[in-house]
Amino acid sequence: MVRPRAVARDARLTAELPERSLDLLDDLLSQAVARRERFGLRITGGGAFPHPDGARVLYAALDADDDAPLDGLAGVCRSAVSRAGGRVDGQRFRPHVTLARLGRPANVTSWVRLLDAYDGPWWEVDEVTLVASHLGEGPRRRPRHEVLGSYELG
């Protein structure tokens, strides 16, 4: 059975983290994530950024068995990035899985309605994965993603 993995990519660095800071970030994430409890998560519903009529991103929404663990986990991850020297945007945390990035704004209302009818199964979040995105370095100039570290929840 393939189990979905929660990937911590919400930190949204607005500038690259200096290479010399990766060891510090690794230590900070390891400590912060280890103090967090495992929790249940599922995919349910969906939406679009910035809005369904002119979407650039189509996403599936995530629902935790208690919203506080997911918000708290995002907070400690953002704090670790900031303490390691990265800049973190101040946008509100919106737990989601990106399904599609659109080259130009499009109306995805029908896809959002379809996603709104979906309630997926629960699974246990037991780790956070730090992923680096290398824009334009993948096949057909798509992003290439590289796992930099995995951190177990307590």
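A few notes on this one:
- Placing a pseudo-label 7 Å from each Cα along the Cα-to-Cβ vector at Glu127 and Asn107 gives an inter-label distance of 4.4 nm.
- Neighbour-count ranking [beta-carbon atoms within 10 angstrom, fewest first] of Glu152, Glu19: Glu19, Glu152
- Gain on full extension, evaluated as 0.36 nm per residue between Asp27 and Arg142 minus their Cα-Cα distance, stands at 38.4 nm.
- Sequentially through the range 149-154, phi angles give Karplus couplings (6.51, -1.76, 1.60; θ = phi - 60°) of x, 10, 10, 7, 6, x Hz, Gly and Pro residues having no value and appearing as x.
- The angle between the Cα long axis of helix 67-83 and the longest principal axis of the Cα atoms of the chain comes to about 50 degrees, rounded to the nearest 10.
- Charge context of Arg38, other residues only, Cβ under 10 angstrom, K/R +1, D/E -1: -4
- In order along the range 41-53, the Karplus-derived 3J(HN,Hα) couplings, from 6.51 cos²θ - 1.76 cosθ + 1.60 at θ = phi - 60°, round to 8, 8, 8, 8, x, x, x, 8, 10, x, 6, x, 6 Hz, and Gly and Pro are given as x.
- Highest mean packing first, where packing is the average number of other Cβ atoms within 10 Å per residue, the peptides 24-30, 75-81, 92-98 line up as 75-81, 24-30, 92-98.
- For Arg87, the amide hydrogen comes within under 5 Å of the amide hydrogens of Thr14, Ala15, counting only partners 5 or more places away or on other chains and with H modelled in the peptide plane.
- Mean sequence separation of contacting Cα pairs (under 8 Å, at least six apart), scaled by the length of the range 19-152, corresponds to a relative contact order of 31 percent.
- Computed packing ranks the peptides 59-69, 37-47, 115-125 as 37-47, 59-69, 115-125, most packed first, by mean other Cβ atoms within 10 Å.
- Options [x] 14.5, 40; [y] 15.3, 48; [z] 16.2, 46 - which one matches Rg and Dmax of the Cα atoms in Å as calculated here: [z]
Every read-out reported here was derived from the displayed coordinates using simple, explicitly stated rules and does not represent laboratory data. Nothing here was measured: the structure is a model prediction, and the numbers come from that model. Cβ sites come from the backbone with ideal geometry, for glycine too, and all protein chains shown count toward neighbours.
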